[in-house]
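S.K.: Right, I'll just put the structure down here and ask away after.
The values are calculated or read from the model by the stated rules, or taken from the named source; none is laboratory data. Values in this document were obtained by computation on a predicted structure and should not be read as measured data. Note: ideal-geometry Cβ built from the backbone for every residue, glycine included; neighbour counts use all protein chains shown.
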Protein chains: 2
Amino acid sequence: MYREKEKRHQAILDLVDRTNLSSQEILRKMLKTIGLEVTQATLSRDLKELHVVKTIGEDGEYKYAIMEEISGFQIASCDISGNLLVLHTDPGMAQAVAFRVDALGLAGILGTVAGDDTLLVVVAEGYDSRKVRKDLWQGVQK
Amino acid sequence: MYREKEKRHQAILDLVDRTNLSSQEILRKMLKTIGLEVTQATLSRDLKELHVVKTIGEDGEYKYAIMEEISGFQIASCDISGNLLVLHTDPGMAQAVAFRVDALGLAGILGTVAGDDTLLVVVAEGYDSRKVRKDLWQGVQK
DNA sequence: ACAATTTATGTATATTTATACAAAACTGAA
DNA sequence: TTCAGTTTTGTATAAATATACATAAATTGT
């Protein structure tokens with residue numbers, strides 16, 4: 001069941017990113033439609049872990065959003081080793097950062113694997129890791 | 001009484017910035033100690049206006065904080081006219097930005113006056129407005 | 001495989017936050 | 001000043017969120 005949580009976390013980040021969620025109850029229903037059934041209590045805990053917060057949108061309405069630091073500032077370092085980028089993040093933030101990186105859809109990135117505070121980014125063959133890092137960094141800054 | 005609200009908003013931003021507020025009730029009590037008595041309901045509305053959100057701190061505990069965009073991203077423009085900087089912000093954000101600017105404590109800045117979405121920054125004599133703008137911008141990013 | 005430990009989740013509920021509504025305070029114009 | 005319109009606030013309460021506690025599931029070490 002440990003995998004369920006991860007999957008759900010991904011789905012949550014995804015939904016938070018793409019839609020305007022105004023309450024955990026709505027999020028719960030959305031998750032239900034994709035076969036992920038949990039209670040509001042669990043979502044409260046998930047959101048806390050994921051650093052997703054209830055913000056005020058441009059329209060003045062409440063809306064859940066990923067905390068801004070995630071998109072850039074919470075990356076502590078980004079080193080290169082061959083065709084791998086090794087990113088260190090604040091504790092527990094690797095998943096969220098990975099999500100952001102994936103969302104960039106950079107051609108030079110084959111995929112990511114995230115642990116708790118470390119993240120591996122696999123650079124595609126024929127791409128310069130240094131260049132990819134630069135693109136990643138730029139893209140991730142908002 | 002219109003002035004009370006402004007004063008309170010300043011105080012709120014100040015407290016949010018300096019202390020770890022975990023609930024509106026605590027904020028209410030703090031404000032009370034400095035002679036500002038309002039109900040939780042009013043604070044809920046204040047925080048919405050000020051774009052102050054309940055985030056998760058580094059220690060994993062809940063904590064109110066000014067939304068990050070405020071510190072930089074919500075500045076739409078920053079023009080120079082003589083010894084004045086004229087900043088335009090998103091609607092209702094001028095106060096919050098002014099607070100941030102004041103907090104920088106830059107020697108080249110005499111003071112700020114904020115409306116709703118516009119903010120005047122008075123540059124001290126003997127300082128280059130262009131340089132001050134640069135410092136302000138830099139300081140406000142983060 | 002088993003026991004011990006850790007992690008995840010639901011249930012029930014406490015706590016916290018948002019808001020409908022009414023009243024009060026303020027504003028601008030005549 | 002007085003009136004009409006606007007804004008702010010409190011009260012009461014609805015709505016939303018967090019968590020104590022119990023249990024189940026997963027993990028670890030043997």
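S.K.: Consider A:I70 against the criteria (1) within 21 Å of B:G60 (Cα to Cα); (2) modelled with pLDDT of 80 or more: it satisfies all of them except one. Which criterion is unmet?
M.R.: Among (1) within 21 Å of B:G60 (Cα to Cα); (2) modelled with pLDDT of 80 or more, A:I70 violates only (2).
S.K.: Sticking with this structure for a sec: Mind listing whichever residues of the range B:52-67 are within 17 Å of B:R100 (Cβ to Cβ) and either at pLDDT 85 or above or more than 8 Å from chain A (Cβ to nearest Cβ) (or both)?
M.R.: B:V52, B:V53, B:T55, B:Y64, B:A65, B:I66
S.K.: Something else about it: Looking only at the range B:105-142, count every residue that is farther than 15 Å from B:C78 by Cα and either at pLDDT 80 or above or aromatic (F, W, Y) (or both) and tell me the total.
M.R.: Residues in the range B:105-142 being farther than 15 Å from B:C78 by Cα and either at pLDDT 80 or above or aromatic (F, W, Y) (or both): 10 in total.
S.K.: Would you mind telling me which numbered condition in (1) more than 14 Å from DNA strand D (Cβ to nearest atom); (2) modelled with pLDDT of 85 or more; (3) touching a strand residue (DSSP E or B) at 6+ places or on another chain (Cβ under 6 Å) B:H88 fails?
M.R.: Just one mismatch for B:H88, condition (2).
S.K.: I'd like the full set of residues that are surrounded by 14 or more Cβ atoms within 10 Å (Cβ to Cβ) and without any contact (Cβ under 8 Å) to a residue 24 or more places away in the chain, limited to the range B:28-41.
M.R.: At the first step, the residues of the range B:28-41 found to be surrounded by 14 or more Cβ atoms within 10 Å (Cβ to Cβ) are B:28, B:30-31, B:36, B:38.
Scanning the range B:28-41 gives B:R28, B:M30, B:L31.
S.K.: Which number in (1) closer than 30 Å to A:E25 by Cβ; (2) at pLDDT below 75 marks the one condition that A:S77 misses?
M.R.: Single failed check for A:S77: (1).
S.K.: Another question about this same structure. When the range A:1-22 is examined, which residues are found to be over 11 Å from the mean Cα position of the chain (by Cα), within 13 Å of DNA strand D (Cβ to nearest atom) and either buried (at least 18 other Cβ atoms within 10 Å of the Cβ) or more than 18 Å from A:Y62 (Cα to Cα) (or both)?
M.R.: Across the range A:1-22, the qualifying residues are A:M1, A:Y2, A:R3, A:E4, A:K5, A:E6, A:K7, A:L21.
S.K.: Name every residue in the range B:23-38 that is within 12 Å of DNA strand D (Cβ to nearest atom) and assigned to a helix (DSSP H, G or I), in order of residue number.
M.R.: Listed by number, the residues that qualify are B:Q24, B:E25, B:R28, B:L31, B:K32.
S.K.: Within the range B:95-115, can one find any residue that is within 16 Å of DNA strand C (Cβ to nearest atom) and under 30 Å from B:N20 (Cβ atoms)?
M.R.: no
S.K.: Yes or no: B:E25 surrounded by fewer than 17 Cβ atoms within 10 Å (Cβ to Cβ) and either in contact with a Leu (Cβ under 9 Å, 6 or more places away or on another chain) or away from chain A (no Cβ under 11 Å) (or both)?
M.R.: It is true that B:E25 is surrounded by fewer than 17 Cβ atoms within 10 Å (Cβ to Cβ) and either in contact with a Leu (Cβ under 9 Å, 6 or more places away or on another chain) or away from chain A (no Cβ under 11 Å) (or both).
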